[in-house]
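Each reported figure results from applying straightforward, stated rules to the coordinates on display, with no laboratory input. Being a predicted model, the structure only gives us computed values, none of them experimental. All Cβ positions, glycine included, derive from the backbone under ideal geometry; neighbour counts span all protein chains shown.
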């Protein structure tokens, strides 16, 4: 009869699928199998002696894909944990974690397959970039040396929180610790939150590693790579050829046979949380993977998440602090400008305008930070009150300028809808439509009028759409070819600008009173990070924050560069009301054509533990809140609502979710809704 294999497939169905194979297939091997009328690539996760189905109806494995080594046991354990904890079918974790070429049937079967993606890749493999000379590591100061020695000398697993002020040299600690692990024959996973942070760090790593193996030890992995490039990096890591893997959150699922150290830079960053499909936290999976592999994990940040800080306060994590900048330059001074009684010009206070002029005269760069791209948040008619609204979403369309007035357009940043700017108000016909508020484009335009001789650059999601454009813009800033830089959160972290003396922050108050309880934490981190770009190599760095609420604790802590004080205040506030990290949460979201259908499904889901109490023994330890519409209810003509589940007991929550998720999969069909369950949500 052959051999039985149990296969994980990327289908929205709980459970695994049994097939018969003519040959023995090792666990971790990919196979092509029939599934209904389709063929799918799956991963063998078990080789049972007997199938869980009638042997007479079992289908045969069509092809065993042995062009890559089998996925290792530790990778399978990581995928299994992620599936269990985040309440997803195992196949929906495993297959999307693989490069596209390894999970497509068309890469192996059909006229264009040419024998599989890996064999084609090996034929076309490109040499690594040449590196001329090795970098000489700078000497570490006592605080850096203490942290590095603790990391490099760690035997077994421990999570180490490296808290260092901006410019304190956390990257040097990472590099020294990584070199110690490499010298022992281990691999290093080095994670960063965003794509635009990789080029600068990649060059630093290649230069530093040149003294060990000509720079050929490094592989880079992020979502901006072409499929072939990502596959090549993944295979080099899987085969052990790449000794250092630099990547964004998806790199947590790369197989690394000799993994000896995981580094998570800017560990607080929300980009580590996947927001669709498997809604995982790469940072949290990194901690789990380190524990599973019995290796150290380093979480680094100038503004750690309150969860990580609490773990350090309670002794679960080791903590090392870098309280001073690595170079002999003081932290920038922070000035709060109370804008309540000032005559503002296009959102700029007289104090900020004066400071910009002084920095230009001194030959220094300045950064204007505004976390809103486009020209203006909305187009408005003063006569009747009409505002530009997306027809598919409960959101405004943002005005974007594109060279000439005729090419200007309105865009929804939720669904992508675009429309021409109307010549007159659609409601009353008034032709005097005006932009309300300001985005990065409008700020850039005003600065060009204010300082006509200044060289100005804008870095946001609009100006960096093309591949390589972000790296090119940042290169101009580093080369001193920019006097005034206007940017969003893309410029707020990770960049070491040599000549930046001033940071001005516009519209910071927008996040101050957001409904999400994490908003103050995000605001503090964002402002502390962007403030840290100032004065890293020049004396007298300054940060000017314009606000209507200078007395707020967030701003007062920023004045003192006092993250520990802010964390103490924030944790006390959360503990008083039972919010994370003192509670654990899950969020059930429903989507339907009509809001009523989504709310009905959530109301039904909320009643399941009451109707079937015997199936939910841990339900008494949980709170299920009432269903509510999302703040932006409609996106792309789909109405959305959510239901929050909360508990002070994580095992109780997990036990409940396992039973609940299984029931929801069946119940949702009757209500004709789409749903997803997010564990440890970042935004509510």
Given axes a ≥ b ≥ c from the Cα gyration tensor, I'd like to know whether the stretch 517-668 is rounded (a/c under 1.5), prolate (a/b larger than b/c) or oblate.
prolate
Rounded to the nearest 10 degrees, what's the angle between the helix 73-85 long axis and the longest principal axis of the chain, both from Cα atoms, 0 to 90?
70
Ranked highest first by the average count of other Cβ atoms within 10 Å around their residues, in what order do 652-662, 555-565 fall?
652-662, 555-565
So what's the Cα pair-distance distribution over the chain, bin width 20 Å, in %?
16, 47, 33, 4, 0
Could you tell me how far the Cα centroid of the stretch 289-367 sits from the Cα centroid of the stretch 49-71, in Å?
53
Roughly what % of DSSP beta bridges within the chain run antiparallel, to the nearest 5?
50
Among 608-614, 97-103, how do they line up by average Cβ neighbours within 10 Å per residue, starting with the highest?
97-103, 608-614
Helix 350-361 sits off the longest principal axis of the Cα atoms of the chain, rounded to the nearest 10 on a 0 to 90 degree scale, by 90
Could you tell me how many degrees, from 0 to 90 and to the nearest 10, lie between the Cα long axis of helix 519-531 and the main elongation axis, the longest principal axis, of the Cα atoms of the chain?
60
Please say if the stretch 468-569 is rounded, prolate or oblate, where rounded means a/c under 1.5 for a ≥ b ≥ c the square roots of the C-alpha gyration tensor eigenvalues, and otherwise the choice is prolate for a/b larger than b/c and oblate otherwise?
prolate
Sort 327, 493, 354 so the one with the fewest other Cβ atoms within 10 Å of its own Cβ comes first.
354, 327, 493
Which shape class applies to the stretch 28-108: rounded if a/c is under 1.5, otherwise prolate when a/b exceeds b/c and oblate if not, where a ≥ b ≥ c are the square roots of the Cα gyration tensor eigenvalues?
oblate
Grab the DSSP H runs of the chain that are 4 residues or longer, score each as -39,500 (n - 2.57), total them, divide by all residues and round the 222 nm result to the nearest 500 deg cm²/dmol.
-9500 deg cm²/dmol
